[in-house]
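Asker: Once you've had a glance at the structure underneath, I'll fire off some questions.
The values are calculated or read from the model by the stated rules, or taken from the named source; none is laboratory data. All values reported here derive from a predicted model rather than from experimental measurement. All Cβ positions, even for glycine, are placed from backbone atoms using ideal geometry, and neighbour counts span all protein chains on display. Surface areas here come from the heavy atoms of the whole protein model, side chains and all, with no ligands, DNA or RNA. Shrake-Rupley method; radii C 1.70, N 1.55, O 1.52, S 1.80 Å.
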Amino acid sequence: MVPLKMKIMDDLWQVAGDGFTAPEDAAGYLIRFGKSAALIDAGTGKRHDRLVRNISACLPPETGIECLFLTHCHYDHAGGAGGIRNHYGCRIVAHAHDAVFLEAGDGLTTAAKWYGAVQDKIAIDQKIHAEEAEFAVGDGRITAYFCPGHSPGSLVYTAELNGFRVLFGQDVHGPLHRDLKSDARAYAGSLEFLLSLNADILCEGHFGVFRGKESVRRFISSYLPGRV
Ligand SMILES: [Zn+2]
Ligand SMILES: [Zn+2]
């Protein structure tokens, strides 16, 4: 089968999502940092085989995935995390406030039940407790920022790639729901914070890639309360 991947720029690809892996999957992004690589979100895991195939098509054989960075605990982003760790031997990073739901296999808060699925218990190797945390991956860096609201422990990540500030802000759009333990006030604050990051490119979970500061700003702003 032909690998399905979309090159966003040198060393950055979309490898998971509808049209790439399973239709239910949120977007997963692969970043190469020299001899190492990182994956942002893993999809549901329903088409783990396709995800691995897509990743292999982007990386030289000797380059492995060092870190899987989860934006949050929802099934469409994190369901496949355990399979990716098994395959690559990478570590899984998530915010402590969302790690608890993955480690407990909480099908409601992870939204697995919305998909008619069971949430496997997934141990999180590195739990972020701070507002901000920086990670070295290969010859590059990824910064995590705590952006609660959509889920209690939502994170966004940034990386400086080819001179651009790339923001991985999955589920910037929400939704907010009681089952997900969403917090509307925190959500509004997080959106304002995302604007302050002044990113050049936004790699989003369900709406694709936004290029250019103005386009990123417009998308994030459209979800600010009172602006929709
Ligand atoms: Zn979500
Ligand atoms: Zn999602």
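Asker: In nm, what is the difference between 0.36 nm times the number of residues separating LYS121 and LEU176 and their Cα-Cα distance? Please report the intermediate quantities before stating the final value.
Answerer: Details: separation 55, 0.36 × 55 = 19.80 nm, distance 2.37 nm.
Going from the current span to full extension adds 17.4 nm.
Asker: Please grab the % of Cα pairs in region 178-228 that end up more than 17 Å from each other.
Answerer: 39
Asker: Another one. Hey, if we sort TRP114, TRP13 by accessible area with the 1.4 Å probe, largest down, what's the order?
Answerer: TRP114, TRP13
Asker: Could I ask something else about it? Obtain the nm distance between the two label points defined at LYS7 and ALA188 by a simple spin-label model: each point lies 7 Å from its Cα along the Cα-to-C-beta direction.
Answerer: My value for the distance between the label points is 4.4 nm.
Asker: Still on this structure: Show which aspartates and glutamates lie in cross-link reach of LYS127 when reach means a straight Cα distance below 16 angstrom and same-chain residues fewer than eight apart are skipped.
Answerer: Those aspartates and glutamates meeting the cut-off are ASP41, GLU66, ASP98, GLU103.
Asker: How many angstrom lie between the C-alpha centres of region 101-138 and region 168-228?
Answerer: For region 101-138 versus region 168-228, the Cα centre distance is 20 Å.
Asker: Over the chain, what percent of the accessible surface lies on carbon and sulfur atoms, probe 1.4 Å?
Answerer: Percent of accessible area from carbon and sulfur atoms in the chain: 51.
Asker: Given a Förster distance of 25 Å, report the FRET efficiency between ASP139 and ALA57 from their Cβ-Cβ distance, rounded to the nearest 0.05.
Answerer: So the FRET efficiency works out to roughly 0.70.
Asker: So, by mean Cβ neighbours within 10 angstrom, what's the order for 102-109, 128-135 with the highest one leading?
Answerer: Final packing ranking: 102-109, 128-135.
Asker: At a 1.4 Å probe radius, which order do LYS127, LYS7 fall into by accessible area, largest first? Before the final figure, lay out each step's value.
Answerer: Numbers: LYS127 85, LYS7 120 Å².
So the residues, ranked largest to smallest area, are LYS7, LYS127.
Asker: Right, another one. Excluding ligands and nucleic acids, what accessible area in Å² is computed for ILE201 using a 1.4 Å probe, to the nearest 10?
Answerer: 10
Asker: Still on this structure, please answer the following. What is the antiparallel percent of DSSP beta bridges lying wholly in the chain, to the nearest 5?
Answerer: Restricted to the chain, the bridges split so that about 70 percent are antiparallel.
Asker: Taking 2.2 N^0.38 Å as the expected size of a compact globular protein, what ratio does the Cα radius of gyration of region 6-221 give against it, to two decimals?
Answerer: With N residues counted in region 6-221, Rg over 2.2 N^0.38 Å equals 0.91.
Asker: Heads up, I need the accessible area for SER56: 1.4 angstrom probe, whole protein in place, Å², nearest 10.
Answerer: Taking all protein chains as shown, SER56 has close to 70 Å².
Asker: Quickly rank 66-72, 44-50 as a protection proxy: mean count of other C-beta atoms within 10 Å, highest first.
Answerer: The densest-packed peptide leads the list: 66-72, 44-50.
Asker: Span-like helices, the chain: DSSP H, alpha-carbon axial extent 15 Å or more, mean Kyte-Doolittle -0.5 or greater, which ones? Display every interim value, and only then the final one.
Answerer: Numbers: long enough: 48-58 (16 Å, -0.29); 184-196 (18 Å, 0.64).
Going by DSSP H runs, the hits are 48-58, 184-196.
Asker: Let me have the 222 nm mean residue ellipticity of the chain computed from DSSP H runs of 4+ only, each contributing -39500 (n - 2.57), with the sum over all residues rounded to the nearest 500. Mind dumping the intermediate values first?
Answerer: Values: 6 runs with 54 residues, N = 228.
Result for the chain: -6500 deg cm²/dmol, rounded to the nearest 500.
Asker: Can you give the accessible area of TYR223, probe radius 1.4 Å, in Å² rounded to 10?
Answerer: Here the accessible area works out near 60 Å².
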